Amino acid sequence: MCLKLKRSQLNPLFGPNPQHLWESRYVFNPAVVYDGSVFHMLYRAQGADMVSRMGYAVSLDGLHFNRMEKPVFSPAIKEELYGVEDPRITQIENKYYMTYTAYSPEGIKIALASTDNFISWKRYGVILPDFDPDKDAVLFPERINGKYVMLHRDPPSIWITYSDDLVHWSGHKKVADPINNHWENEKIGAGGPPVKTPDGWLLVYHAVQKHAPEPSRLTYRLGFMLLDLEDPSKVIKRTTEPILEPKEEWEIFGGVPQVVFTDALIDYKDQYLVYYGAADNYIALASCSKQEVLNWLKKS
Ligand code: BMA
């Protein structure tokens, strides 16, 4: 048996809100943190103008979310002119850091902001200026060997980079490439911030298949990798089959069809929760038990 995520019966958790111009068309790719009592969700939203902004929603059970009326993070600097996309949130030393894609005529680049309350933000601007296009940046929740560590996607692969201050990064090294199989032949990218387990850093990632003979058709699926605790540039294990792939109608049809895309892996009780965007149109949840991940790790 291969490892598969189970969808929540409440899926999709929510969709666009026609009452709000800024999120009237698409909501997707949420970042989520659980602070021990409240789930905080930042999600990407597009409305009438198709500019990506971020909405904020909270929940006590991780299933029913209350959203705010106005976006909490909108383009504000020239590097964000076309939108702020695909947030990932990591708590480091009592602060929440958000990595996101800043999209503008200057390129598609990784930017950083921090917050204590998800409403007021401090911007650090573009932090990997030399990489364009770059996406899918996730910060590890603690320093490793004294350094902050981040994964990002210099196409088509996942790369790692290191920093003393979260703003200046160096020591770029490739972590994992696409694989020429049926589901990850085109490109791969890190999903939510890695979760520490006794066996290694558990990373959820997305993998993109380019179809032949229709190369413009892409399918996005999810997989897991386990990275070495001391040297997370080393992949210890990687799923050979997808753990989630588009199957439901609202994952197959939408703003961009055939997409499941995640920005959040949450360690919650005896489960791992994976929040994801479906067809760039909806927000959904899938999960697996920690025991299932352990069984997968033990399997040779
Ligand atoms: C990627 C990102 C994601 C999106 C995905 C599928 O490049 O832009 O935001 O979900 O494409 O359209």
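Values as computed for the structure displayed
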{"read-out": "Amide H contacts under 5 Å for ASP154, placed H, 5+ residues apart", "value": "TRP159"}
{"read-out": "Neighbourhood net charge (12 Å Cβ-Cβ; Lys/Arg +1, Asp/Glu -1) for SER8", "value": "0"}
{"read-out": "Other-chain or far-sequence residues with amide H under 5 Å of TYR282's (modelled H)", "value": "VAL27"}
{"read-out": "Which of THR101, THR262 has the fewest Cβ neighbours within 10 Å, and the rest in rising order", "value": "THR101, THR262"}
{"read-out": "R0 of 30 Å, Cβ-Cβ distance ASP267-ASP177: FRET efficiency to nearest 0.05", "value": "0.65"}
{"read-out": "Rounded FRET efficiency, nearest 0.05, which uses the C-beta distance separating ASP164 from TRP121 and R0 of 22 Å", "value": "0.45"}
{"read-out": "Cβ-based net charge around LYS210, under 11 Å, with every Lys or Arg adding one and every Asp or Glu removing one", "value": "-1"}
{"read-out": "Gyration tensor (alpha-carbon) shape descriptor, the stretch 1-160, a/c threshold 1.5", "value": "rounded"}
{"read-out": "Residue order, fewest to most surrounding Cβ atoms within 10 angstrom, among HIS182, HIS40", "value": "HIS182, HIS40"}
{"read-out": "Under 26 Å from LYS269, Cα to Cα: lysines that are on another chain or at least 8 residues apart", "value": "LYS4, LYS6, LYS95, LYS196, LYS237, LYS290, LYS298, LYS299"}
{"read-out": "Computed lengthening from LYS299 to LEU218, 0.36 nm per intervening residue step minus Cα-Cα distance", "value": "26.1 nm"}
{"read-out": "Virtual spin-label span in nm between ASP35 and MET68, 7 Å along Cα→Cβ", "value": "1.2"}
{"read-out": "Projected-area mean, the chain, by convex hull of Cα positions, square nanometres", "value": "14.8"}
{"read-out": "³J(HN,Hα), Karplus 6.51/-1.76/1.60, whole Hz, each residue of the stretch 173-178, x for Gly, Pro", "value": "8, 6, 9, 7, 9, x"}
{"read-out": "Cβ-derived FRET efficiency at R0 30 Å, LYS234 paired with ILE77, nearest 0.05", "value": "0.25"}
{"read-out": "For VAL32, VAL235, order by how many other beta-carbon atoms lie within 10 Å, fewest first", "value": "VAL235, VAL32"}
{"read-out": "Relative contact order (%) - the stretch 142-265, alpha-carbon pairs under 8 angstrom, separation at least six", "value": "19"}
{"read-out": "Proximal charge balance of ASP164 [Cβ under 13 Å; K/R count +1, D/E count -1]", "value": "+1"}
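We did not get these values from a lab; they are worked out from the coordinates using the rules stated. Keep in mind the model is a prediction, meaning the values are calculated, not measured. Cβ coordinates were reconstructed from backbone atoms using ideal geometry, including for glycine residues, and neighbour counts include every protein chain displayed.
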